[in-house]
1. Has the range 75-82 got any residue that is buried (at least 17 other Cβ atoms within 10 Å of the Cβ), among the aromatic types (Phe, Trp, Tyr) and touching a helix residue (DSSP H, G or I) at 6+ places or on another chain (Cβ under 7 Å)?
2. Scan the range 48-67 and give yes if some residue there is touching a helix residue (DSSP H, G or I) at 6+ places or on another chain (Cβ under 9 Å) and in a helix (DSSP H, G or I), otherwise no.
3. Would you check if there is a residue in the range 94-106 being surrounded by 12 or more Cβ atoms within 10 Å (Cβ to Cβ), farther than 18 Å from Ala26 by Cα and at pLDDT 95 or above?
4. Need at least 3 residues that are under 14 Å from the mean Cα position of the chain (by Cα) and closer than 14 Å to Arg61 by Cα per element, so show me which strands (runs of 3 or more DSSP E) inside the range 76-140 make the cut, counting only ones lying wholly within it.
5. Collect the residues in the range 122-140 that are modelled with pLDDT of 95 or more and either closer than 13 Å to Met55 by Cβ or among the hydroxyl-bearing types (Ser, Thr, Tyr) (or both), keeping them in residue-number order.
6. What is the residue count in the range 28-61 for residues that are closer than 16 Å to Thr111 by Cα and either small (Gly, Ala, Ser) or out of contact with any strand residue (DSSP E or B) (no Cβ under 6 Å at 6 or more places or on another chain) (or both)?
7. Specify which of the listed residues (Leu41, Leu24, Leu49, Leu64) is modelled with pLDDT of 90 or more, under 13 Å from the mean Cα position of the chain (by Cα) and surrounded by fewer than 20 Cβ atoms within 10 Å (Cβ to Cβ).
Amino acid sequence: MPLLTTSSAVARTPDPTRSLRLALAAARTAADNRGSNIVVLDLREMTPLFDYFVMATGTSRRQLHAISEDIDDVLAKQWGETRDGIEGYRESRWILLDYGTVVVHLFDQETRDYYALEQLWSGAKHVELPPELTAGPSPR
């Protein structure tokens, strides 16, 4: 099970909307890579460690790697964000990407069902996703 690093997670982003925009960029990238069951949870009222969780499910090791690498690329090139930590990449059943205020969880279906983070964080608000993120991949 991946562990969350908190090295920079305590330092909040000065712009309160930036974390949300980063989370939505990660969610969009997961959708563009055919990730499914994409969820963004707003955890700002539940913990001081991070603002948002982004969760997505992939169907294979290759797909989970592609999603994680593309999220890294998009957040670095378009947003100037570098990842603070990564867990689970080798095992590829649950990949955790730590961007400080945003933590991305990429699962295979069995692992997502087993750990049930949505239930664990059931008090978190679900961020309403734009229709294009729930309708399938957008054109590149």
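1. Looking through the range 75-82, none of the residues is buried (at least 17 other Cβ atoms within 10 Å of the Cβ), among the aromatic types (Phe, Trp, Tyr) and touching a helix residue (DSSP H, G or I) at 6+ places or on another chain (Cβ under 7 Å).
2. Within the range 48-67, one or more residues are touching a helix residue (DSSP H, G or I) at 6+ places or on another chain (Cβ under 9 Å) and in a helix (DSSP H, G or I).
3. Narrowing the range 94-106 to residues surrounded by 12 or more Cβ atoms within 10 Å (Cβ to Cβ): 94-106.
Imposing the further condition that a residue be farther than 18 Å from Ala26 by Cα reduces the set to none.
No: zero hits.
4. Numbers: elements: 85-87, 94-98, 102-108.
Hits in the range 76-140: 94-98, 102-108.
5. Ala124, His126, Val127 - these are the residues of the range 122-140 that are modelled with pLDDT of 95 or more and either closer than 13 Å to Met55 by Cβ or among the hydroxyl-bearing types (Ser, Thr, Tyr) (or both).
6. Going residue by residue through the range 28-61, those that are closer than 16 Å to Thr111 by Cα are 35-39, 54-61.
Within this subset, residues satisfying the condition of being either small (Gly, Ala, Ser) or out of contact with any strand residue (DSSP E or B) (no Cβ under 6 Å at 6 or more places or on another chain) (or both) are 35-36, 56, 58-61.
Residues meeting the conditions: 7.
7. Values: Leu41 fails: surrounded by fewer than 20 Cβ atoms within 10 Å (Cβ to Cβ); Leu49 fails: under 13 Å from the mean Cα position of the chain (by Cα); Leu64 fails: surrounded by fewer than 20 Cβ atoms within 10 Å (Cβ to Cβ).
None of the other options fit; the residue is Leu24.
The values are calculated or read from the model by the stated rules, or taken from the named source; none is laboratory data. Only a predicted model underlies this, so the values are computations on that prediction, with no experimental measurement involved. Every residue, glycine among them, receives a Cβ derived from its backbone with ideal geometry; neighbour counts consider all protein chains shown.
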